[in-house]
Each structure stands twice: as structure tokens, then as C-alpha cells.
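Step one of this worksheet: look at the structure below.
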Amino acid sequence: MKTLKLAVIGKDVSKSESPKIHNFIAEKLGNKISYERISIPENEFENRLDNLINGLDGFNVTIPYKLSIIPHLNSIEGDAQTFGAVNTVLTGERKGYNTDGMGFMLMLEVEGVEVKGKTFLVLGAGGAGRSVAKKLSDGGAEVFIYNRSYAKAKAVADEFGGVTALQTLENKTYYAIINATGIGMHETVGVSPVGRELLSMCEVAVDLIYVPWVSKFLEIAAGLGKKTVNGEQMLFYQAYYSQCIYFGKSADLNEAKTLYTQYQEKI
Ligand code: NAP
């Protein structure tokens, strides 16, 4: 079997967990890979991209290049087309895919978070918020989306349908609240995007952030006795789905779940 040359590219991927996760999955599945982190300053992205495409078999794409990669590809498939964002590239065919939404949905399933017929509040209408809102709506949930700039939330609701944009955030009952903003990480560690009162009215709090492991948002929810889920499984499962794409293998949900359990035992 050929060793695939893979990487994660983004503006600053120096702390990315992707190499660790991909190497773990590859070892367990008997896949041969090399996987590096490639940080690219924004002013170098356009010039360096062709060299990367020629030098790698595939790569993952993260902030802020999930959209700007698209003009360099021959086609984008499935969710990448729906979301207009790419997180996985097969360089040979210059094809783009997006596995974030699938990773999110598998995380909910594994954690026993129901979707069909439930009411969700999605905080944030950036790349992740858009994907999550669309996936939940497709899964039969009633979805409300809130963003600090209303226009962005409205654009998601207009584009996808089945999603309602909120102009203001009122304390109202939701089955689950998803934090898809960056609030709670980096310079906002210790800050929650919503307060106790709103969290007290939900059953489940999901944060896409996993560094810190317990964000302020999850800390408040856990203190109120709510079910909490952080974003690490989403990261793991999107990597699993990406690796299936790199090796042309069908995804197997049970295999993905077993691998995550083994990964947790190892770290
Ligand atoms: P993005 O496209 O840059 O969107 C960021 C969102 O956060 C926007 O809605 C933005 O609001 C909001 N935001 C950021 N700082 C804010 C602040 N101080 N106050 C209010 N709103 C603020 O980023 P993204 O790709 O969607 O990622 C969002 C989060 O999800 C990040 O924490 C990222 O790490 C996480 N994520 C996790 C996974 C995983 O696998 N676990 C995958 C993807 C993303 P505006 O529109 O008003 O700027």
C-alpha cells in the first residue's frame, strides 16, 4: 500500500490535533500515511497552493481557507457544495469535500442527543453554525439561529429554509443549545455566549469548542445539571470521514465509534 502524504492547512495550525487523530486512525485501520501541519499566512495562500496540491495526496483545510480553497478545485461534492465550504481535499482530482457536518451529527448520535422533532438554538452563523443548522434541520429538528450580526443569521435562514433567524435572544425553552461561536476559546476563555437563565431552560448544551475541554458555557450548564458535550468528538469523526475519503473507503459508524473510544483510552 502506498503511503499517502497528508496535511492540515490553515493560518495557524501549530496546535492542531489533526496529526494525532489522523495518525491514530491510520494505525488502527492499517492505512499508511504521513501527516504534517502546514501554517500559511494569508498573503501567501494563493502563491503556495499549487505547490501544496502537487506535493500532497490530500489535505484538510481549516480557518480561514475553507472558502478560499474552492476556486482552486475542479469540483466540490456533497456537503461541501451545500455549505459552500471545504475541509477535505483530494489533490489528484482536485475535489473538495466537507465532513464537519457529518462529524457533528455522529457526535450527537453517540452522545444520545436526539434531533428529530426537537428544538435547537444554534449560536453563531459562521462556517460551523451554518453547517450545524442545516444538518439539524435536515435531521428533522426545529432550528433557531442567532448571531451577533443578524444579517448573517438571516442569510442562513434564507438560504437553507427550515431555519429561523432570531433578531434578539430571549430566555425561551429549547431542547438543546449549540455554541458555534468562537466565544469561550483563545482570548474569550472564561466567557459564555449566553447566561444561566437561558441555559437553565434547556436540556442539553453542546459546545463545538474543545480547548478548553470545559468551556464557561459548558461549566454553567453542567452546574445546572444539564447534559453537556464538547467538540472533540466532532473533530475526531470529521477526521475519520476525511480519512475514508483519502483511502476511498466507505464510512462505518460502528468502526468510527469504536475508534473514538480507543482514542479516548489512549490519551
Ligand atoms: P467563523 O466562521 O469565524 O464564525 C465565528 C462565529 O463566532 C461567528 O458567528 C461570529 O459572529 C461569532 N463570534 C466570534 N467571536 C465573537 C464574539 N466575541 N462575540 C460574538 N460573536 C462572536 O468560525 P467557525 O469555523 O464557524 O467556528 C466557530 C467555532 O466552532 C470555533 O470555536 C471553532 O473552533 C469551532 N469549530 C469546531 C469544530 C470541531 O470539529 N469541533 C469544527 C468547526 C468549528 P460574527 O458573525 O458576528 O462575527
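Do you know which residues across the stretch 54-67 are more than 18 Å from Ser16 (Cβ to Cβ) and within 23 Å of the chain's Cα centre (by Cα)?
Selection gives Asp57, Leu67.
Between residues in the stretch 56-67 that are open to solvent by 40 Å² or more (accessible area, probe 1.4 Å) and residues that are within 11 Å of the ligand (Cβ to nearest atom) and part of a strand (DSSP E or B), which pairs lie under 6 Å by C-beta distance while being six or more apart or on different chains?
Matching pairs, first to second residue: Thr62/Gly10; Ile63/Gly10.
Limited to the stretch 176-188, what total is found for residues that are more than 23 Å from Lys154 (Cβ to Cβ), touching a Ser or Thr at 6+ places or on another chain (Cβ under 8 Å) and open to solvent by 20 Å² or more (accessible area, probe 1.4 Å)? Give the derivation first.
Initially, the stretch 176-188 is screened for residues more than 23 Å from Lys154 (Cβ to Cβ), giving 184-188.
Retained after the next criterion (residues that are touching a Ser or Thr at 6+ places or on another chain (Cβ under 8 Å)): 184-185.
From the residues that got through so far, the ones that are open to solvent by 20 Å² or more (accessible area, probe 1.4 Å) too are 185.
Number of matching residues: 1.
Of all residues in the stretch 136-156, which are over 15 Å from Thr168 (Cβ atoms) and either surrounded by 23 or more Cβ atoms within 10 Å (Cβ to Cβ) or in contact with a strand residue (DSSP E or B) (Cβ under 6 Å, 6 or more places away or on another chain) (or both)?
Hits for the stretch 136-156 are Leu136, Ser137, Ala141, Glu142, Val143, Val156.
Leu121 versus (1) open to solvent by 20 Å² or more (accessible area, probe 1.4 Å); (2) in contact with a Cys (Cβ under 9 Å, 6 or more places away or on another chain): which is the lone unmet condition?
Of (1) open to solvent by 20 Å² or more (accessible area, probe 1.4 Å); (2) in contact with a Cys (Cβ under 9 Å, 6 or more places away or on another chain), only one is false for Leu121: (1).
For the stretch 210-250, which residues satisfy the criterion of being of a type in the set (A, V, I, L, M, F, W, C), out of contact with any Leu (no Cβ under 7 Å at 6 or more places or on another chain), open to solvent by less than 70 Å² (accessible area, probe 1.4 Å) and free of Cβ contacts under 8 Å to residues at least 60 places away in the same chain?
Phe217, Leu218, Ala222, Cys244
The values are calculated or read from the model by the stated rules, or taken from the named source; none is laboratory data. No experiment lies behind these values; they were computed from the predicted model shown. We place every Cβ from the backbone using ideal geometry, glycine too, and count neighbours over all the protein chains shown. Remember, those area values only see protein heavy atoms, side chains included, never the ligands or the DNA or RNA. Shrake-Rupley method; radii C 1.70, N 1.55, O 1.52, S 1.80 Å.
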